[in-house]
Amino acid sequence: MSYIEKKYQIKITEIFNSISNLDIEILELFKEKSIRSGDKIAKLCALINKQINLILKRYYPEIKDMETKLSIKSKLKFYYDFIDKLTDFIRHIENFQKLDEKYYDAVIKFIEQKDQLINEKYRTICINELTAFYDKKSRDALEEILAKKLEMKSREYFTLGSLEEEIKKIAKTSGADEVTIFQSEDIVKQVDLIKDPKSMINFSIYSEDEEKLRDIGKVIRTYLISKGFEAILFIVELSNVISEREVLTGSVITNAKLFPDL
């Protein structure tokens, strides 16, 4: 192992040790089983996310030893799932006054089983990834792909952006050219297909591809449903006279209370 690898391995170990202290704080907060802990948990989650990104972007790319990479990657995978659980918790308490105790218990169990999960579940997953091909050339290529996927996963899914930001990001990643959020009672209250509609998400494409528009709407709707909200999709065709180009616009109406753009 080169000097720089040893140096960066030490830095990574130090960062993981500091994150472990945050784990303990979060565990104690979850044991309180109170939504009043939400702000503290959000701040701790943001700190973990920042540290994980530091490992991934600055130190991990220089590690070449396969056993060391396996150890680091196993811990990274645990923390990706951990941050996902914390982010989900933060979004839930924004919309509910009380959460079932089983929700807290599940996160508590996850934290308490950290070492076991890293050494068994996540290590096994990483071994399967790193040994999918046997020759060194293929394995090196796979490592490059995995590193890019991990970086994308961290950037796209585990930053603590608002629900509005996540919706827009998902819509544009799926191909939307414009995304606008409305919170107009005059509009959404006309919809009686879901209980207590609160917001409308309009998305447009500069195209005549209605199937593409529908697919974007389905992705937004599926995402909102996965977060515990109701959502329905409407497809409306509009023409942009000023730019003299076809514009297809769809709408998703949901009972999620989103901050409007207008």
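The numbers here are math on the coordinates, done by the rules we state, and not lab data. Keep in mind that what you see is a predicted model, and the values were worked out from it rather than measured.
Legend: residue pairs K114/K168; K33/K109; K43/K195; K6/K69; K227/K257; K31/K69, Cα-Cα distance threshold 23 Å; pairs beyond threshold, K114/K168; K43/K195; K31/K69. Couplings 3J(HN,Hα) of the stretch 212-224, computed from phi: 5, 4, 5, 5, 4, x, 5, 5, 4, 4, 4, 4, 5 Hz, in residue order, whole Hz [Karplus 6.51 cos²θ - 1.76 cosθ + 1.60, θ = phi - 60°; x for Gly and Pro].
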